[in-house]
1. Between a residue in region 259-285 that is closer than 21 Å to residue 440 by Cβ and any residue that is within 16 Å of ligand 2 (Cβ to nearest atom) and in a loop (DSSP other than H, G, I, E, B), which pairs come within a Cβ distance under 6 Å, given they are 6 or more apart or on different chains?
2. I need a count of the residues in region 341-368 that are at negative phi, assigned to a loop (DSSP other than H, G, I, E, B) and surrounded by 15 or more Cβ atoms within 10 Å (Cβ to Cβ).
3. Which residues, taken from region 171-189, are buried (at least 16 other Cβ atoms within 10 Å of the Cβ) and more than 11 Å from residue 60 (Cβ to Cβ)?
4. Taking the residues in region 70-96 that are in contact (Cβ under 8 Å) with a residue 40 or more places away in the chain, away from ligand 2 (no atom under 16 Å from the Cβ) and over 19 Å from residue 144 (Cβ atoms) as candidates, determine which candidate is surrounded by the fewest Cβ atoms within 10 Å (Cβ to Cβ).
5. Within region 96-126, how many residues are more than 16 Å from ligand 1 (Cβ to nearest atom), under 29 Å from the mean Cα position of the chain (by Cα) and in a helix (DSSP H, G or I)?
6. Of the conditions (1) closer than 23 Å to residue 210 by Cα; (2) assigned to a helix (DSSP H, G or I), residue 156 satisfies every one except a single condition; which number is it?
7. Can you go through 258, 264 and tell me which one is in the same structural domain as residue 396 (by TED's automatic domain parsing), surrounded by fewer than 20 Cβ atoms within 10 Å (Cβ to Cβ) and closer than 18 Å to residue 241 by Cα?
8. Would you call residue 450 within 30 Å of residue 353 (Cα to Cα) and either within 27 Å of the chain's Cα centre (by Cα) or at pLDDT below 95 (or both)?
Ligand code: SAH
Ligand code: SF4
Ligand code: F3S
């Protein structure tokens, strides 16, 4: 299978990966001369599933260097925050957390504090850390995860601060070590970056241009996941349905989905996030046809008003979105739809906001991720006049969440008495198991002694629908 020039240049070379292996050994020897016990790393990831998936690779790399892991920040010899920049609140939280761990350096002078992820990919943030947080040893952006061994070795061997946050179009590093957070559910990134430049969004600036992994690499990772017992695979990308656009082997997202569906085994396939402008009927037909693909579509609409959608640079209209939703439900009558929505985009009026409410009422989403607009420096929307106060936006927001609560309650009420196939994920509390329906509704049900249900698909009958989750019992 061929790849075009653009994507060839974004693959990290074998030589580079070998060089990093050597750095990992060097960093490991510094660690063993400094610590008698295995040094421990505390790694915490914020933000989206793409970042969580990066976090799993970061932990894999740290493991090869010689770190063990702890959930207790006070026991750590390396504290690493993998950050998110999507909203101001996400950034404020990081500053607060970093400030709070400064004191730990007193009791552990060998402690290394490191920051990475989307927030660090912004120059103004890296500069602020450089000036105002002198106790932070290592700062790196989203494009150099594969170079952690080298960066850490520099910090360990020189004692100097290291900053590596260069902007670039982005890379693809295959075959990195990985330490997965669990083995029942697995994240599988299929593409990175975003080219859409929605006017409010920081992601294209901090994640670089769209680039797709080779289909054979994706399929191999899917097979690995299945072989290790994974039952729920989520394909990840900021815009999964533009998968393959930069490859020249004729693949697209619908075809990839079909190929993964054809892999032997008992598992379910999810994916996120789809962009309405690239959501084709071919994709919806493929979803409908593929037995292992969950009948769940997360399709962010952001606003129900055409003027606002245009200002957001989303590339579709309300009517086009509604037509997609209609077609999706026509070919998949039991489809569950979820979405993202922004309240109070700069210049949005209450009348325009009401179009968002009416779209929600029409589509009847299972659940919504709802956000109040947050201005991101450097984006186009950050310089748009924004006359509506935060308090006013808060009132609109409440109106929206009340409406969605009513819709969700009506949806779950209709589930009563129905039987769903659910992957049992673990314990919600003692004696009570949980899992999700294909449509992403959480179900809790009592454990049955001797059945060992965790990691297995079970049939569960809904007995008590609540608003956001439902309770049930094993049906067979
Ligand atoms: N790539 C995905 C979503 C990425 S970010 C997509 O295009 O749908 C997840 C969600 O955060 C977005 O869908 C949007 O609803 C929200 N979001 C992004 N930037 C935001 C901002 N500046 N203020 C408020 N919400 C924002
Ligand atoms: Fe952000 Fe838009 Fe890209 Fe999603 S599609 S990551 S909202 S720019
Ligand atoms: Fe946040 Fe970066 Fe994801 S900004 S939402 S962690 S791509």
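1. 274/299; 275/239; 276/299; 276/316
2. Of the residues in that region, 5 qualify.
3. Hits for region 171-189 are 171, 172, 173, 184, 185, 186, 187, 188, 189.
4. The extreme case among them is 89.
5. Of the residues in that region, 9 qualify.
6. Only one criterion is unmet by residue 156, namely (1).
7. Of the residues listed, the single one that is in the same structural domain as residue 396 (by TED's automatic domain parsing), surrounded by fewer than 20 Cβ atoms within 10 Å (Cβ to Cβ) and closer than 18 Å to residue 241 by Cα is 258.
8. Criteria not met by residue 450.
The values are calculated or read from the model by the stated rules, or taken from the named source; none is laboratory data. Everything numeric in this text was worked out from a predicted model, so none of it was measured. FYI the Cβ positions are ideal-geometry reconstructions off the backbone, even for glycines, and counts take in every protein chain you see.
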